[in-house]
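Chemist: Supplied in structure tokens, the structure appears directly below.
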Amino acid sequence: MPATSEPAIRVRGLEKSFKALPVLRGVDFDVARGSIFALLGSNGAGKTTVVRILATLLKADAGTAHVNGFDVAAHSADVRESVSLTGQFAAVDEILTGRENLVLVARLRHLRNPGRVADDLLARFSLEDAAARRAATYSGGLRRRLDLAMSLIGNPPVVFLDEPTTGLDPRARAEVWLAVKELAGHGTTVLLTTQYLDEAEQLADRIAILHQGRIIVNGTLAELKQLLPPARVEYVEKQPTLEDVFFAIVKEHR
């Protein structure tokens, strides 16, 4: 097993082009074990390309990448055993129930007692009330939580979440945020790609901004805020945001 003192993910000089279009131009970053690392960037910045290389779905043109201590190019099988990838759209079988989806994946991974594995994850992600319902009836938030639960079967030490809240409503996003925090709380390393600034602010231990194929800044939220001029103290009348109104109304009508 790789030494636990090493970063869970280490990337150095990563480059990738598609024909004449350079997408990654020398990307460097480390992700500490058990932390949430957010890779921020606009559409087309190269976030998904980084994730696909780290998950061994795509080969880099240059540079090196290690995941859980394994080189993604030289030891791709070991990397695949160490990771789970959740893409932008939930990969659940809508014909099956939530529990049946989990049991199916546990059997595909040749785990003992797949029913117990499924029941444990249903409880962990608060899906017990929906366990017997077909996934086709799930809301966006429930479907994404089931997708996250499926990605944890086999206890992978590293999880890649590629824009996991794309298309979700505010309540569903909040549910996914809670699930991601619980992942890290159980010791899982999470690499999260997102274009939502508030998502990175809520979840990440460290934040890197990918722009035009390069990491232009990398640090904690506090460190990034120090890049701006000091805050001024002003007295203003704060009005509730639409998000405040939304959650207050929904809470009253539970």
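Values in this text are rule-based calculations from the coordinates and carry no lab data. What you are looking at is a predicted structure, and each value in this text was computed from that prediction instead of being measured. FYI the Cβ positions are ideal-geometry reconstructions off the backbone, even for glycines, and counts take in every protein chain you see.
Chemist: With an 8 Å cut-off on Cα pairs and a minimum separation of 6 or more residues, tell me the relative contact order of region 125-251 in percent.
Modeler: Details: 97 pairs, mean separation 22.5, N = 127.
Dividing the mean separation by the residue count of region 125-251 yields 18 percent.
Chemist: How large is the dipole of region 51-133 about the Cα centre if only Lys and Arg carry +1 and Asp and Glu carry -1, each at its Cβ, rounded to the nearest 20 debye?
Modeler: On the way: 10 positive and 11 negative charges, 28 e Å.
Charge dipole, region 51-133, about its Cα centre: 140 debye, nearest 20.
Chemist: Let me ask something else about it. Quick one: if the Förster radius is 22 Å, what FRET efficiency do ALA32 and TYR196 give, using the C-beta to C-beta distance and rounding to 0.05? List each step's numbers first, then the result.
Modeler: Working: r = 22 Å, r/R0 = 1.02.
Computed FRET efficiency for ALA32 and TYR196 comes out at 0.45.
Chemist: Now for a different question. Roughly how many Å is it from the Cα centre of region 27-67 to that of region 188-209, as a whole number?
Modeler: 13
Chemist: Could you rank the peptides 223-230, 173-180, 212-219 by their average count of other C-beta atoms within 10 Å per residue, with the highest value first?
Modeler: 173-180, 212-219, 223-230
Chemist: What is the distance, in nm, between label points placed 7 Å from the Cα along the Cα-to-Cβ direction at VAL233 and at LEU108?
Modeler: Here the modelled spin labels are 5.7 nm apart.
Chemist: For LEU102, LEU111, LEU203, what ranking results if the residue with the fewest other Cβ atoms within 10 Å of its Cβ goes first? Don't jump to the answer; show the numbers that get you there.
Modeler: Working: LEU102 28, LEU111 16, LEU203 23.
Listing LEU102, LEU111, LEU203 from fewest to most nearby Cβ atoms yields LEU111, LEU203, LEU102.
Chemist: Longer than 20 Å from Cα to Cα, which of LYS19/LYS59; LYS16/LYS181; LYS16/LYS59 are they? Say none if no pair is. Don't skip to the answer; put the middle values down first.
Modeler: Numbers: LYS19/LYS59 14 Å; LYS16/LYS181 31 Å; LYS16/LYS59 8 Å.
Going by Cα-Cα distance, LYS16/LYS181 fall outside the 20 Å limit.
Chemist: Considering only DSSP beta bridges where both residues belong to the chain, give the percentage that are antiparallel (nearest 5). Numbers along the way, then the final one.
Modeler: Values: 21 of 39 bridges.
If I count the DSSP bridges inside the chain, around 55 percent turn out antiparallel.
Chemist: Peptides 15-26, 65-76: what's the order by average Cβ count within 10 Å, highest mean first?
Modeler: Ranking the peptides 15-26, 65-76 by packing returns 65-76, 15-26.
Chemist: Of THR194, LEU183, ILE153, which is farthest along the charge dipole of the chain in the positive direction, counting Lys and Arg as +1 and Asp and Glu as -1 at C-beta?
Modeler: Farthest along the dipole direction, towards plus: ILE153.
Chemist: Quick one: putting +1 on the C-beta of Lys and Arg, -1 on the C-beta of Asp and Glu, what dipole do you get for the chain around its Cα centre, in Debye to the nearest 20?
Modeler: Working: 31 positive and 31 negative charges, 101 e Å.
That gives a dipole near 480 debye.
Chemist: Also: Project the alpha carbons of the chain onto their principal axes and report the range along each, largest first, in whole Å.
Modeler: Extents along the principal axes, in whole Å: 58, 49, 38.
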